[in-house]
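This report concerns only the one structure given below.
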Amino acid sequence: MSAQPPESLVPPSRALSTRPLIVLALLLVIGLIGFGGYRASEYQGMQTLRTDAGHRLDLFGAAVDGIVNRYAHIPATIQLSEEVLALLRKPRPAGSVASANRFLERLNGHIGSLAIFVMDERGTVLASSNWKQPDSFVGEDLSFRSYYLTGLSGQVGRHFAIGITQGEPGYYVSHPIRDGERVVGVAAIKIGLAGIDQAWELLGVPALIADENGVVILSSVPDWRYTALSPLSLDSKVEAAVSRLYNNRPIGNFPVAIDASLGPEGQEIHGGARLGIAPGRAQLGSTYLVHGRQLSSTGWRLLIFSDLQPMRAQAIGHGALAAVATGCVLLLLLVVAQRRRILRQKLEAKALLEQANAQLESKVARRTRALTDTNARLQKEVAERQQAEQTLRAAQDELVQAAKLAVLGQLAAGITHELAQPLGAMRTLSGNAIEFMKRGNLATVEQNLGIIARLADQMGRIITPLKTFARKSPAIPAATDVAHAVGAALFLLDQRLAKAGITVINHCEPGQAVAWCDQNRLEQVLINLIRNAGDAMADSPTKTLTLAAATTADGVELSIADTGCGLPEGGALFEPFFTTKPPGEGLGLGLAISRDIVREFGGDLRADSRPEGGACFSLHLPAAPKEQP
Ligand code: ADP
């Protein structure tokens with residue numbers, strides 16, 4: 001399986017190397033949005049300030065116009081007064097000055113202006129509302145005043161000026177006094193401007209009013225008063241000096257340069273500390289926005305100064321807020337992206353796991369199928385093998401039986417000889433018994449019959465072991481006394497051994513060695529070995545067969561030793577069909593079958609040559625388990 005790693009599983013080293021760049025990019029985005037927020041808020045703030053300033057200018061301009069123009073029409077009405085006209089006639093009627101003074105005093109008292117006065121053709125004040133006061137205008141020569149000259153020329157004169165007697169500033173409005181067509185004098189009113197000074201507070205921001213010459217005549221900041229917004233031209237200076245507009249006060253320069261063509265956008269003034277608006281406050285770096293309005297009725301300019309610092313502080317706050325909000329949103333997006341990435345990785349891992357699982361399952365299923373097939377094949381093979389084993393065992397049993405029968409065949413001659421003798425005796429005794437019965441000698445008959453019965457028993461004893469030996473029985477292991485098996489074998493071969501002149505020395509004692517095997521088969525093995533020993537000693541001068549049994553630590557040992565010709569050189573004794581006997585006497589199967597029988601019991605059969613001559617066959621058998629008491 002060669003699954004590609006999912007793309008999202010970026011190697012940690014690469015992820016680490018890109019992280020500072022991502023952080024830098026995010027900080028840049030936050031910074032940009034913060035700056036954008038600051039600029040947007042600043043722009044909005046500026047717009048609000050401009051709108052606000054526009055409203056303030058409208059309101060305050062209307063108020064100033066109201067104050068200044070409220071009594072501007074009064075001088076025009078003076079010429080309607082008979083007292084005033086009488087004053088200007090020539091010759092002047094007696095008491096006309098006093099009555100004109102009283103009229104003007106009454107009128108001024110009624111409207112509340114600073115003063116109302118009447119000048120003759122030469123500019124001398126003939127009557128004034130303040131005639132009673134020590135600093136009365138009466139007798140003053142005001143021919144240098146611009147409003148007088150304008151009035152004398154038949155027009156309405158109006159301008160700001162500082163009073164020369166009291167030094168009090170005011171707005172002067174003049175009007176010609178006509179007697180018929182001729183201008184005989186000039187009437188003037190001095191309107192006080194204290195009301196405007198009191199209104200500054202209501203405006204809420206620093207402000208000033210400059211006259212037609214650009215000289216500040218009224219201001220919320222006292223230091224600004226009588227300073228020129230822009231340097232005065234020579235004409236203006238001469239005019240001001242001649243008409244003593246500012247009562248010969250020195251006119252300084254305004255602390256900062258103000259743009260003469262001030263548009264609705266206003267003018268930004270940096271370094272606001274120079275304005276001296278709020279000396280107590282740290283003004284370094286503070287900026288003001290100046291807005292202006294031309295007051296149409298007077299020709300004055302109204303300027304207001306809006307502090308930009310609070311707006312800037314608010315803009316910085318908004319910028320910071322935007323940056324923080326952006327940071328939060330980005331953080332949120334990062335968290336969401338991270339969660340989605342983790343989720344995707346989990347899903348991919350799950351998919352991989354499921355894939356691996358499915359592959360594993362199919363592999364297991366394949367293996368299981370293969371194993372089942374193998375198992376079935378093995379079971380079939382086992383069954384076949386068992387079948388073959390059964391067949392083999394049956395064949396072996398048949399072979400063993402055949403070998404037995406072969407032995408029996410060879411024993412038949414001896415057995416026949418052994419049975420012939422009792423049979424002959426029985427024949428003679430039964431003939432005699434008949435004769436004795438005819439003679440009535442019953443006692444001898446009885447004796448003969450007794451002998452016959454004993455002979456029959458003897459024959460039975462000869463036949464019974466043969467029957468037992470010849471019986472075809474399955475090999476069933478059991479506790480077998482080796483001495484019994486040896487005895488049975490010797491009994492069957494007794495005739496043969498005796499005939500061959502062999503001396504049998506049997507050391508086996510009953511109970512001495514008990515092996516775990518089938519007695520019938522053990523007898524067959526022993527008969528084979530004893531018969532072979534007999535054959536080997538056929539030509540030996542000494543014919544001794546020695547049998548011995550013993551129980552050792554690992555089983556039972558049984559030895560059959562002879563004094564025969566010894567084992568053939570290089571002979572494969574236990575190979576089937578190996579024989580040194582002449583044809584018709586041996587098949588060469590005896591030892592092969594004997595070893596098979598012994599091995600089937602879990603034992604072994606060994607052949608050795610004896611040093612003194614002859615051969616010794618050793619049988620090793622498992623010992624029978626000890627019986628539980
Ligand atoms: P068979 O007796 O039919 O020849 P066996 O398998 O019993 O077959 O014996 C094989 C051969 O082993 C015999 O032909 C003989 O040469 C040899 N042999 C068996 N027992 C002895 C013995 N006790 N001494 C010498 N040779 C023996």
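Odds and ends about this structure:
- For the chain, the Kirkwood estimate of the hydrodynamic radius, built from every pair of different alpha carbons, is 40.5 Å.
- Looking at the stretch 133-185, the pairs of alpha carbons with a distance over 18 Å make up 37% of the total.
- For the stretch 461-516, the solvent-accessible area works out to 54 Å² per residue, with a probe of 1.4 Å and every protein chain left in place.
- If you model the stretch 431-476 as an ellipsoid using its alpha carbon gyration tensor, with each semi-axis the square root of five times an eigenvalue, the axes come out at 38, 8, 6 Å, biggest first.
- Equivalent ellipsoid dimensions for the stretch 59-212 as semi-axes, Å, which come from the Cα gyration tensor, largest first: 29, 15, 14
- The stretch 321-405 - percent of accessible surface contributed by carbon and sulfur, probe 1.4 Å: 63 percent
- Modelled FRET efficiency - R0 51 Å, ALA413 with ALA370, Cβ distances, 0.05 increments: 0.20
- Ordered from largest to smallest accessible area (heavy atoms of protein chains, 1.4 Å probe), the residues VAL335, VAL97 come out as VAL335, VAL97.
- Kirkwood Rh and Cα Rg combined as Rg/Rh, the stretch 40-119: 1.41
- Value of Rg/Rh across the stretch 270-411 [Cα atoms, Kirkwood radius]: 1.95
- Note that the stretch 140-281 shows a convex hull volume over its alpha carbon atoms of 149 Å³ per residue.
- Cβ-Cβ FRET estimate between GLN314 and LEU32, R0 fixed at 35 Å, reported to 0.05: 0.95
- Helix axis angle, 519-536 relative to the chain longest principal axis, alpha carbon, degrees: 60 degrees
- In degrees, nearest ten, helix 96-111 long axis to first principal axis of the chain (Cα): 20 degrees
- Compactness of the stretch 578-629, taken as the C-alpha radius of gyration over 2.2 N^0.38 Å, stands at 1.56.
- 0 to 90° range, to nearest 10: angle between helix 194-203 axis and the chain longest Cα axis: 10 degrees
- Think of it as helices only: each DSSP H run of n ≥ 4 in the chain is worth -39500 (n - 2.57), and spread over all residues that comes to -18000 deg cm²/dmol at 222 nm.
- Hydrodynamic radius (Kirkwood) for the stretch 389-512, which is based on Cα pairs only, to one decimal in Å: 17.7 Å
- Values of log10 I(q)/I(0) for the stretch 509-557 across q = 0.14, 0.20, 0.25 Å⁻¹ run -0.48, -0.82, -1.02, by the Debye formula with one identical scatterer at each alpha carbon and no solvent.
- Normalised contact order of the chain, rounded percent, pairs of Cα under 8 Å and 6 or more residues apart: 9 percent
- Each of the peptides 213-225, 49-61, 249-261 was scored by the mean count of other Cβ atoms within 10 Å over its residues; in descending order, highest first, they stand as 213-225, 49-61, 249-261.
- Accessible area of the stretch 140-267 divided out per residue, in Å², using a probe of 1.4 angstrom: 44 Å²
- Phi-based couplings in Hz for the stretch 225-241 (Karplus 6.51, -1.76, 1.60; Gly and Pro marked x): 4, 6, 10, 9, 5, 9, x, 6, 6, 4, 4, 5, 4, 5, 4, 5, 5
- Both the radius of gyration and Dmax for the stretch 486-629 are 15.0, 54 Å, in that order, over alpha-carbon atoms.
- Where HIS318, HIS159 fall by accessible area, highest first, once all protein chains stay in place (1.4 Å): HIS318, HIS159
- Taking 18 Å as the cut-off, the amide N atoms of the stretch 587-604 that come nearer than this to a point 7 Å along the Cα-to-beta-carbon line of GLU575 belong to 587-596.
- Sequence-distant contacts, meaning Cα pairs under 8 Å at least 6 residues apart, place the relative contact order of the stretch 461-603 at 22 percent.
- With contacts taken as Cα pairs under 8 Å at a separation of at least 6 residues, the stretch 318-467 carries a relative contact order of 16 percent.
- Within the same chain, lysines fewer than 8 places from LYS404 are excluded, and of the rest, those with a Cα less than 23 Å from its Cα are LYS467, LYS472, LYS499, LYS581.
- Percent carbon-and-sulfur accessible area, the stretch 64-219, ignoring ligands, DNA and RNA, probe 1.4 Å: 52 percent
- Nitroxide proxy distance, nm - points 7 Å out along Cα→Cβ at GLU201 and GLN447: 18.7 nm
- Expressed as a fraction of 2.2 N^0.38 Å, the C-alpha radius of gyration for the stretch 302-385 is 3.02.
- Kirkwood Rh and Cα Rg combined as Rg over Rh, evaluated for the stretch 201-280: 0.98
- Peptides 501-512, 472-483 ordered by average Cβ neighbours within 10 Å, highest first: 472-483, 501-512
The values are calculated or read from the model by the stated rules, or taken from the named source; none is laboratory data. Computed from a predicted model, the values in this text were never measured in an experiment. Cβ: placed from backbone, ideal geometry, glycine included. Neighbour counts: every protein chain shown. Keep in mind that these areas ignore ligands, DNA and RNA; they rest on the heavy atoms of the full protein, side chains included. Shrake-Rupley method; radii C 1.70, N 1.55, O 1.52, S 1.80 Å.
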